[in-house]
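*Asks:* Here you go, one structure.
The values are calculated or read from the model by the stated rules, or taken from the named source; none is laboratory data. Every value quoted in this text rests on a predicted model; they were computed, and no experiment measured them. No Cβ is skipped: glycine too gets one built from the backbone with ideal geometry, and neighbour counts run over all protein chains shown.
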Amino acid sequence: MNIDKLSNFSKKTFLVVCDIGIITSSIILAYFLRLEKIYFFNGIEIEVFLIHFVIFFLVFYFTGIYRIVLRYFDNYSILKIIKSLLIFQAILILTNFLLYQVYYMPRSISFISPILIGIMLLLQRVVMNYVISINKAKNIPKNKILIFGINNSTVSLLKNIRQSRVYGNVEGFVDTKNQYKKRDISGIRILKNSNLIEDIKKYKISEIILGPGSITRQQKEILLESLSSLNIRIISMDQIDTYLPNLIHKNAESDINFYDIINRPQIKNNTNKIFKLIRNKNVVVTGGGGSIGGELCKQILSFKPKKLIILDSSEINLFNILNILKKEKNYSSQIIKIVLGDCSDKQFLFQKFRNIDIDYIYHTAAYKHVGFGEDNPYSIIKNNIFGTKYILDLASLKKIRNFIFISTDKAVNPKNMLGYTKKFGEDLVRHYYNQNKSKLDSKFTIVRFGNVIGSSGSVIPIFLNQVKNKGPLTVTHKKVERYFMSIPEAVELVLHTSSFEVNRLNVYAINMGKQIKIMDIAKRIIILSGYTIKSPKNPKGDISIKIIGLKKGEKISEEISLGENLTKTTHSKILLCLEKNNSKLKKGYIKKIDYILKKNKIDIDEVKKTLFT
């Protein structure tokens with residue numbers, strides 16, 4: 001039985017039942033020791049048992065013994081139980097003295113039975129603590145630790161790591177001063193410094209923590225050099241006061257699961273169709289260094305494309321995604337082609353891709369931050385509208401099989417520049433389909449989804465960073481709510497949509513479940529991080545939540561489609577949007593927008609009027 005998985009009530013009931021058995025056994029044993037004869041229930045007055053039970057449970061209730069968490073049973077807990085037992089013994093002796101005419105119990109029993117109860121009870125608690133520790137140890141991560149140096153600081157570190165098992169398991173201490181031979185500390189072996197490499201391999205060590213004063217700087221350099229090929233983390237613990245809080249905080253952070261935050265399981269998919277779609281194809285991903293584009297590149301590579309061309313305007317983004325892909329099983333420099341350039345530069349696109357065959361284009365390149373878009377309309381229009389137009393021009397020129405446009409829920413009834421430009425991008429895709437449907441055998445796919453966890457500007461990474469800095473967590477409005485999905489989930493569903501054979505122009509919405517209040521997300525992150533929420537009702541809490549007001553163009557809730565015009569597909573998480581194929585584009589629209597952009601000052605209202613009147 002895994003005691004640690006029981007409810008609090010079940011745990012306390014279990015302890016009470018055990019204690020009843022301990023008290024009963026102790027009374028019988030006390031009579032045997034006193035009278036040298038075994039007495040059972042028929043030889044001991046029932047009042048003796050009742051008096052023991054009543055006094056014992058009243059004392060233990062008021063002294064809070066049953067509130068002790070057995071997982072953290074320590075010397076303080078033992079001392080607290082001993083104090084309670086002394087109170088119990090004193091009351092028992094007094095009661096026996098006052099009521100000796102009511103029932104018979106030798107006075108020596110009042111001294112012997114509490115001692116026996118104490119021995120059995122403490123032994124039982126220690127055993128239960130050990131059982132719980134063993135169960136916990138089964139789930140300890142593979143992180144195996146060696147601690148350099150033996151002093152108060154490193155021994156204190158051992159205790160903290162043991163109480164926060166999620167970090168790892170200490171396999172041994174390294175005696176850097178050769179003071180101890182064939183000894184251990186709290187059950188942890190002491191190893192010789194001279195056998196370090198052999199011991200690291202023997203115990204599969206993954207991390208070394210250098211205690212304060214354990215080795216000199218020169219010795220540290222030698223150590224780093226000798227371990228350079230073993231892929232072992234080496235951490236210096238200069239001061240226990242600063243290291244331990246960081247260690248404990250790291251534990252709290254690493255224990256947070258994104259699916260715990262949004263309170264739902266991870267979406268699982270069958271990828272056979274995607275594999276058939278991508279295998280041996282030439283695929284272009286625009287914005288391939290971004291959060292969505294990067295995950296697309298990672299997943300597309302796993303499906304063995306002939307070529308994966310990654311287009312991005314950021315050197316650092318391309319550098320980062322290339323390093324990530326190099327770690328993937330199917331990576332090959334013959335498959336990956338990096339292209340540094342701007343989607344909104346038509347001349348560059350046509351020149352660069354002149355001799356490159358393309359089957360599919362996944363167009364993710366876009367500015368996606370609502371606030372930045374409101375403050376920088378020129379940049380977001382140039383990137384999101386002109387970039388989309390010129391990529392579509394390229395798709396038409398290269399006669400690609402499928403063009404997949406990554407849109408957003410903000411394109412539905414837009415209230416901000418991001419929404420307007422992405423909505424216009426959708427209309428551009430429709431327009432190109434209408435213009436070329438008789439000439440090309442191409443598919444055009446539009447995919448809309450809401451917030452993804454971990455993307456640039458996503459609220460959850462912001463909250464995690466704010467928790468790291470001890471808050472406050474900033475929420476724009478108490479009622480604001482959003483859809484949430486992880487980046488890998490969203491990208492896999494995007495790839496599924498491109499494998500569908502429905503129409504040559506399709507608009508899909510990802511079924512992201514119910515919208516979740518951002519306020520609830522903030523509260524869950526604080527609690528899952530091991531902190532309490534600071535509020536007027538709890539002024540002594542750890543981290544507060546601050547309402548800062550809605551940003552310009554921000555909506556209370558998001559819509560995923562126009563009206564209720566959604567129909568199911570073969571995938572439960574993907575919905576087909578049955579919208580009219582009406583792009584609403586006026587003749588000369590691009591020239592008109594280009595003219596607006598060249599003005600000294602951009603009039604947002606004029607842009608909106610031009611886009612959607």
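*Asks:* Collect the residues in the range 179-196 that are assigned to a helix (DSSP H, G or I) and over 20 Å from Gly168 (Cα atoms), keeping them in residue-number order.
*Replies:* Answer for the range 179-196, where residues must be assigned to a helix (DSSP H, G or I) and over 20 Å from Gly168 (Cα atoms): Asn193, Ser194, Asn195.
*Asks:* If you go through the range 388-399 one residue at a time, do you hit one that is crowded, with 20+ Cβ neighbours inside 10 Å and among the acidic types (Asp, Glu)?
*Replies:* No: the range 388-399 contains no residue that is crowded, with 20+ Cβ neighbours inside 10 Å and among the acidic types (Asp, Glu).
*Asks:* Let me ask something else. Just give me the residues in the range 432-442 being closer than 25 Å to Thr569 by Cα and either in contact with a helix residue (DSSP H, G or I) (Cβ under 7 Å, 6 or more places away or on another chain) or at pLDDT below 85 (or both), in sequence order.
*Replies:* If the condition is that a residue be closer than 25 Å to Thr569 by Cα and either in contact with a helix residue (DSSP H, G or I) (Cβ under 7 Å, 6 or more places away or on another chain) or at pLDDT below 85 (or both), then Tyr432, Asn434, Lys437, Asp441, Ser442 are the ones that fit.
*Asks:* Taking the stated definitions as given, is Asn169 within 23 Å of Ile132 (Cα to Cα), assigned by TED's automatic domain parsing to the domain that holds Leu227, among the polar types (S, T, N, Q) and out of contact with any Ser or Thr (no Cβ under 9 Å at 6 or more places or on another chain)?
*Replies:* yes
*Asks:* Determine if the range 71-91 includes at least one residue that is in a loop (DSSP other than H, G, I, E, B) and surrounded by fewer than 17 Cβ atoms within 10 Å (Cβ to Cβ).
*Replies:* yes
*Asks:* While we're looking at this one, here's another question. Can Asp393 be described as in contact (Cβ under 8 Å) with a residue 12 or more places away in the chain, in a helix (DSSP H, G or I) and within 17 Å of Tyr508 (Cβ to Cβ)? Give the steps one after another, and end with the answer.
*Replies:* Details: in contact (Cβ under 8 Å) with a residue 12 or more places away in the chain: yes; in a helix (DSSP H, G or I): yes; within 17 Å of Tyr508 (Cβ to Cβ): no.
Against the criterion (in contact (Cβ under 8 Å) with a residue 12 or more places away in the chain, in a helix (DSSP H, G or I) and within 17 Å of Tyr508 (Cβ to Cβ)), Asp393 does not qualify.
*Asks:* Given the structure, is Phe56 under 17 Å from Ser110 (Cβ atoms), over 53 Å from the mean Cα position of the chain (by Cα) and in the same structural domain as Tyr130 (by TED's automatic domain parsing)?
*Replies:* Judged against the criteria, Phe56 is not a match.
*Asks:* While we're on this one: Just for the range 314-344: of the residues that are surrounded by 19 or more Cβ atoms within 10 Å (Cβ to Cβ) and not hydrophobic (A, V, I, L, M, F, W, C), which one is nearest to Ile381 (Cα to Cα)?
*Replies:* Only one residue fits best here, namely Ser344.
*Asks:* Right, another one. Looking at (1) at pLDDT below 80; (2) touching a His at 6+ places or on another chain (Cβ under 9 Å), can you tell me which one Lys540 breaks?
*Replies:* Going through (1) at pLDDT below 80; (2) touching a His at 6+ places or on another chain (Cβ under 9 Å) one by one, Lys540 breaks only (2).
*Asks:* Also, quick follow-up: Could you say which residue among Val480, Val452 is buried (at least 23 other Cβ atoms within 10 Å of the Cβ) and touching a residue at least 12 places away in the same chain (Cβ under 8 Å)?
*Replies:* Sole residue among the options that is buried (at least 23 other Cβ atoms within 10 Å of the Cβ) and touching a residue at least 12 places away in the same chain (Cβ under 8 Å): Val452.
*Asks:* OK, next. Name the residue, out of Lys268, Lys304, that is on the phi > 0 side of the Ramachandran plot and at pLDDT below 95.
*Replies:* Lys304
*Asks:* Being modelled with pLDDT of 85 or more, in the same structural domain as Gln515 (by TED's automatic domain parsing), outside any helix (DSSP H, G or I) and more than 29 Å from Gln515 (Cα to Cα) narrows it down to one of Ile404, Ile400, so name that one. Walk me through it before giving the result.
*Replies:* Working: Ile404 fails: more than 29 Å from Gln515 (Cα to Cα).
Selected residue: Ile400, the only one of Ile404, Ile400 that is modelled with pLDDT of 85 or more, in the same structural domain as Gln515 (by TED's automatic domain parsing), outside any helix (DSSP H, G or I) and more than 29 Å from Gln515 (Cα to Cα).
*Asks:* Hey, another quick one. Given the conditions (1) buried (at least 20 other Cβ atoms within 10 Å of the Cβ); (2) assigned to a helix (DSSP H, G or I); (3) within 35 Å of the chain's Cα centre (by Cα), report the number of the one that Tyr433 does not fulfil.
*Replies:* (3)
*Asks:* Next up: Just for the range 108-142: of the residues that are surrounded by 15 or more Cβ atoms within 10 Å (Cβ to Cβ) and under 30 Å from Ile234 (Cβ atoms), which one is modelled with the highest pLDDT?
*Replies:* Step by step, filter the range 108-142, then rank; the result is Ser133.
*Asks:* Name, by its number, the condition in (1) within 47 Å of the chain's Cα centre (by Cα); (2) modelled with pLDDT under 85 that does not hold for Phe40.
*Replies:* (1)
*Asks:* Residue check, Ser291 against (1) touching a residue at least 60 places away in the same chain (Cβ under 8 Å); (2) closer than 25 Å to Leu397 by Cα; (3) hydroxyl-bearing (Ser, Thr, Tyr), all met but one. Which one?
*Replies:* For Ser291, the failing item is (2).
*Asks:* Ok, one more. If a residue has to be over 19 Å from Leu92 (Cα atoms) and assigned to a loop (DSSP other than H, G, I, E, B) to count, how many in the range 28-63 make the cut?
*Replies:* Final tally of qualifying residues: 8.
*Asks:* crowded, with 18+ Cβ neighbours inside 10 Å, assigned to a helix (DSSP H, G or I) and assigned by TED's automatic domain parsing to the domain that holds Leu505, is that true of Ile358?
*Replies:* It is false that Ile358 is crowded, with 18+ Cβ neighbours inside 10 Å, assigned to a helix (DSSP H, G or I) and assigned by TED's automatic domain parsing to the domain that holds Leu505.
*Asks:* Now a separate question. Identify, please: which residue in the range 443-478 is closer than 26 Å to Thr388 by Cβ and polar (S, T, N, Q) and is, among those, modelled with the lowest pLDDT?
*Replies:* Ser456
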